[in-house]
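Contents: one structure, followed by commentary.
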Amino acid sequence: MLIRRKKGWEIAERDATPESIYRNRRQFLKGIAAGSIGAAATSFPLGRALAQGSDPTADLYPATRNTAYTVDRAITEKSKALTYNNFYEFGSHKFISDAAQAMKIRPWTVKIDGLVENPIEIDFHDLIRKMPLEERVYRFRCVEAWAMTVPWTGFPMKALVDFAKPLSGAKYIEMETASQKDTMPGLKQFWYPWPYTEGLTIKEATNDLAMIATGIYGEPLPKQNGAPLRLVTPWKYGFKNIKSIVRFTFTDKRPVSYWEQLNDSEYGFWANVNPAVPHPRWSQAQERLLTSGDEVPTQLYNGYADYVGDLYKDMKDEKLFM
Ligand SMILES: Nc1nc2c(c(=O)[nH]1)N[C@H]1C(S)=C(S)[C@@H](COP(=O)(O)O)O[C@H]1N2
Ligand SMILES: [Mo]
């Protein structure tokens, strides 16, 4: 992840990839120089694609807006939020929205397992109808220092935790993105630690702000934004907001996320937004708003300190802001 200095189409792959990852890859490639990685099979049956045209959850949108969560910023233009994305499964640049249309989102099974009373595999369409949907407008801050303001539709993550009934030993929730080798070209980049995973403490996950989004701008989530369900934690950097989730695992061990595996000195477990703590390679003091391009000051916990500050007050030794 990198601040975008040039237009995306001008960036060579080596410039668009964090240096440390690039270096690891070089080493890795040297190691397997003569090895075969296997043929890249790409198949996308047309019948399946057409069958995905009608959305069986469309009747749930738009959901009622919860006005407790509006913000004092203009909402980002929908076309911008839907075409400037991070979703490495479809490419390590921002313009993956077309490529992401290949993802198969029906059927979609969500697995809830680990330290829970109710381990279950449930179809997304059954799950969403058990959950209380509402709309919330949140700020969203990528670690690369761009930001947007979008209306998410979804349910409090607490509702999912209550549904799962964690056992008393559970302290963390690990989440995992689908791996579809046939639709996600990024998975051929074998130097990344697929599948994409992320984690939260149960305290964070049951905080009022933590949300599982199923929609955006009053419609079901488009694939590029993480259909059919993704995490939204607006006080944390964007990479925590894992997309297209297939699994929630309750555990007593702190999960090591995808980005933490790649580079733990730059992308940690907590990743709370803080303008006073720079990324090792750039300042986090300001952020660039997606629609206007304006640079505005970044706020502690992305403006949500009143909601989440208390979660971290006794954690002085943790790297809370990275
Ligand atoms: N599975 C998966 N989830 C992901 C990512 C990714 O590459 N793969 N990128 C993250 C990053 S870095 C950001 S900023 C947000 C971007 O979400 P958006 O495209 O909906 O704006 O998704 C996050 N979730
Ligand atoms: Mo990000």
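Details
- Just one of the listed residues (ILE128, ILE96) is closer than 30 Å to PRO280 by Cα and open to solvent by less than 10 Å² (accessible area, probe 1.4 Å), and it is ILE96.
- Residue within the stretch 209-227 that is more than 22 Å from ARG106 (Cβ to Cβ), within 16 Å of ligand 2 (Cβ to nearest atom), in the same structural domain as GLY169 (by TED's automatic domain parsing) and outside any loop (DSSP other than H, G, I, E, B) present: no
- Test for ALA81: is it touching a Phe, Trp or Tyr at 6+ places or on another chain (Cβ under 7 Å), of a type in the set (A, V, I, L, M, F, W, C) and either buried (at least 20 other Cβ atoms within 10 Å of the Cβ) or at pLDDT below 95 (or both): no
- The strands (runs of 3 or more DSSP E) found wholly in the stretch 81-145 and carrying at least 3 residues that are touching a Gly at 6+ places or on another chain (Cβ under 8 Å) occupy 134-141.
- Residue identified as within 16 Å of ligand 1 (Cβ to nearest atom) and charged (D, E, K, R) among GLU144, GLU121: GLU144
- Every residue from the stretch 238-284 that is among the β-branched types (Val, Ile, Thr), in a loop (DSSP other than H, G, I, E, B) and within 13 Å of ligand 1 (Cβ to nearest atom): ILE242, VAL273
- Answer from GLY303, GLY293, GLY268, GLY309 - the residue that is under 21 Å from the mean Cα position of the chain (by Cα) and within 24 Å of VAL137 (Cα to Cα): GLY303
- No other residue among MET211, MET184 is modelled with pLDDT of 95 or more and within 11 Å of ligand 1 (Cβ to nearest atom) apart from MET184.
- Contact annotation: residue pairs with Cβ atoms under 7 Å, 6 or more positions apart or on different chains, pairing a residue in the stretch 236-254 that is in contact (Cβ under 8 Å) with a residue 60 or more places away in the chain and over 13 Å from ILE212 (Cα atoms) with a partner that is among the hydroxyl-bearing types (Ser, Thr, Tyr) and within 16 Å of ligand 1 (Cβ to nearest atom), are PHE239/TYR267.
- Some residue of the stretch 36-50 being at pLDDT below 95 and surrounded by 14 or more Cβ atoms within 10 Å (Cβ to Cβ): no
- Qualifying residue in the stretch 161-175 (condition: away from ligand 2 (no atom under 16 Å from the Cβ), in a helix (DSSP H, G or I) and either open to solvent by 20 Å² or more (accessible area, probe 1.4 Å) or at pLDDT below 95 (or both)): yes
- Test: residue in the stretch 271-287 that is in contact with a Cys (Cβ under 9 Å, 6 or more places away or on another chain), assigned by TED's automatic domain parsing to the domain that holds ASN85 and surrounded by 15 or more Cβ atoms within 10 Å (Cβ to Cβ): yes
- Test: residue in the stretch 180-196 that is surrounded by 20 or more Cβ atoms within 10 Å (Cβ to Cβ) and under 25 Å from GLY309 (Cα atoms): no
- Matching option when the condition is touching a Lys or Arg at 6+ places or on another chain (Cβ under 8 Å) and of a type in the set (Gly, Ala, Ser), among ALA145, ALA164: ALA145
- Of all residues in the stretch 113-133, those being over 18 Å from the mean Cα position of the chain (by Cα) and either more than 25 Å from PHE250 (Cα to Cα) or hydrophobic (A, V, I, L, M, F, W, C) (or both) number 8.
The values are calculated or read from the model by the stated rules, or taken from the named source; none is laboratory data. Everything quoted here is computed from the prediction, not taken from an experiment. Reconstructed Cβ throughout: ideal geometry from the backbone, glycine too, with neighbour counts over all protein chains shown. Heavy atoms of the whole protein, side chains included, go into the accessibility calculation; ligands, DNA and RNA do not. Shrake-Rupley method; radii C 1.70, N 1.55, O 1.52, S 1.80 Å.
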